[in-house]
Amino acid sequence: GNSVTQMEGPVTLSEEAFLTINCTYTATGYPSLFWYVQYPGEGLQLLLKATKADDKGSNKGFEATYRKETTSFHLEKGSVQVSDSAVYFCALSPNSGNTPLVFGKGTRLSVIA
Amino acid sequence: EPEVTQTPSHQVTQMGQEVILRCVPISNHLYFYWYRQILGQKVEFLVSFYNNEISEKSEIFDDQFSVERPDGSNFTLKIRSTKLEDSAMYFCASSEVGTSGFYNEQFFGPGTRLTVL
């Protein structure tokens, strides 16, 4: 079946530190991959996505590359800010269109000044 | 910017009681979803809804659950007789109708935390 595994949190970093949140997936076929972010008190927001192998999704300084050979989609940011403190969810969509998302457990990131 | 809203933000209920969780999707969206996240576990898909009927459902979505679009704006999830294990955060999402070959972004609400005592 389809599944997503992401690193356990919480992750605590100092401002301007480098961030990596690991995500690996299991899927049949060629899924689309996503990172969602949930800021305190808000809903899940799409942060970035990649729809095929070797695609790089990027947004707000965050990046993730779809690696088919390692079935990974690790989230990175070169210099985190306090405002990046949130819960980050890796997810996949097995097909296109309106298919349900398959999520990881989420990783809580806290950035301290 | 249009957003998905959910009410209430927190619902506390006794085991065996019925609860209705409410969602207002983005107005031009036609596809609706419910997901839930039990504390410390993954966000799990429950059901999707399109054209006034269930499009897809997971094994979690048993006879205790039902969904409805009672009017032009609301989308509800009903749990008929709540169990302790129904305690979770419930997320509603909506999206435009998909075009074959393209992913349609799902926009999520802030969630309703359901606590069953």
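A short reminder: the numbers here are calculations on the coordinates, not readings from a lab. Please read all numbers here as calculations on a predicted model, not as lab measurements. Positions of Cβ are generated from backbone atoms using ideal geometry, with glycine treated the same way; all protein chains shown enter the neighbour counts.
Karplus-derived 3J(HN,Hα) values for the range B:44-58, using 6.51 cos²θ - 1.76 cosθ + 1.60 with θ = phi - 60°, are 10, 6, 9, 7, 10, 9, 8, 6, 6, 8, 5, 8, 7, 9, 8 Hz; glycine and proline are entered as x. Binning the C-alpha pair distances of chain B at 5 Å intervals from 0 yields a P(r) profile of 2, 12, 23, 26, 20, 11, 5, 2, 0 %, listed from the shortest bin outward.
Label point of A:GLU76 set 7 angstrom out along Cα-Cβ; within the range A:10-45, amide nitrogens under 11 Å from it belong to A:19-21.
Legend: residue pairs A:LYS60/B:LYS57; A:LYS60/A:LYS105; A:LYS49/B:LYS78; A:LYS49/A:LYS105, Cα-Cα distance threshold 24 Å; pairs beyond threshold, A:LYS60/B:LYS57; A:LYS49/B:LYS78. 3J(HN,Hα) along the range B:67-80: 10, 7, 10, x, 8, x, 10, 9, 9, 10, 10, 10, 10, 6 Hz, from the Karplus curve 6.51 cos²θ - 1.76 cosθ + 1.60 with θ = phi - 60°, whole Hz, x for Gly and Pro.
Protection proxy ranking for A:85-95, B:5-15, using the average of other Cβ atoms within 10 Å per residue and placing the highest first: A:85-95, B:5-15. Our coupling estimate for the range B:29-43, obtained by passing each phi through the Karplus curve with A = 6.51, B = -1.76, C = 1.60 and θ = phi - 60°, is 8, 10, 10, 10, 9, 10, 10, 9, 9, 6, 3, x, 10, 6, 6 Hz, Gly and Pro reported as x.
Diffusion coefficient of the range B:20-64 by Stokes-Einstein, Kirkwood radius over Cα pairs, 25 °C, 0.890 mPa s: 208 µm²/s. Residues whose amide H falls under 5 Å from that of B:SER87, counting only those 5 or more places apart or on a different chain, are B:VAL116, with hydrogens built in the peptide plane. Relative protection proxy for B:19-31, A:14-26, from highest mean packing down: B:19-31, A:14-26 (other beta-carbon atoms within 10 angstrom). For the range A:95-113, the residues whose amide N sits under 18 Å from a probe point set 7 Å from the Cα of A:ASN22 along the beta carbon direction are A:104-109.
Need one number for the protein assembly as shown: average projected area of the convex hull over its C-alpha atoms, nm². Working shown, then result.
On the way: hull surface 50.3 nm².
For the protein assembly as shown, the mean projected area of the Cα convex hull comes to 12.6 nm².
Between B:THR5 and A:TYR30, the simple label model (points 7 Å from Cα in the Cβ direction) yields a spacing of 4.2 nm. If only the Cβ of Lys and Arg carry +1 and only the Cβ of Asp and Glu carry -1, the dipole of chain A around its Cα centre is close to 280 debye. Please report the spacing between the Cα centers of the range A:34-75 and the range B:6-36 in Å, no decimals. So the separation of the two Cα centres works out to 27 Å. Averaged over peptide B:105-114, the number of partner chain Cβ atoms lying within 10 Å of each residue's Cβ comes to 4. Near the amide H of A:HIS74, within less than 5 Å, lie the amide hydrogens of A:CYS23, A:THR65, all on another chain or at least 5 residues away, with H placed in the peptide plane.
Globularity index of chain A is 1.01 (Cα radius of gyration / 2.2 N^0.38 Å, N = number of residues). Per-residue mean of foreign Cβ neighbours for B:42-50 is 4 (Cβ atoms of other chains, 10 Å radius). Here the convex hull built on the C-alpha positions of the range A:29-69 has a volume of 70 cubic angstrom per residue. FRET efficiency for the pair B:LYS83 and A:GLU42, taken as 1/(1 + (r/R0)^6) with r the Cβ-Cβ distance and R0 = 25 Å, rounds to 0.30.
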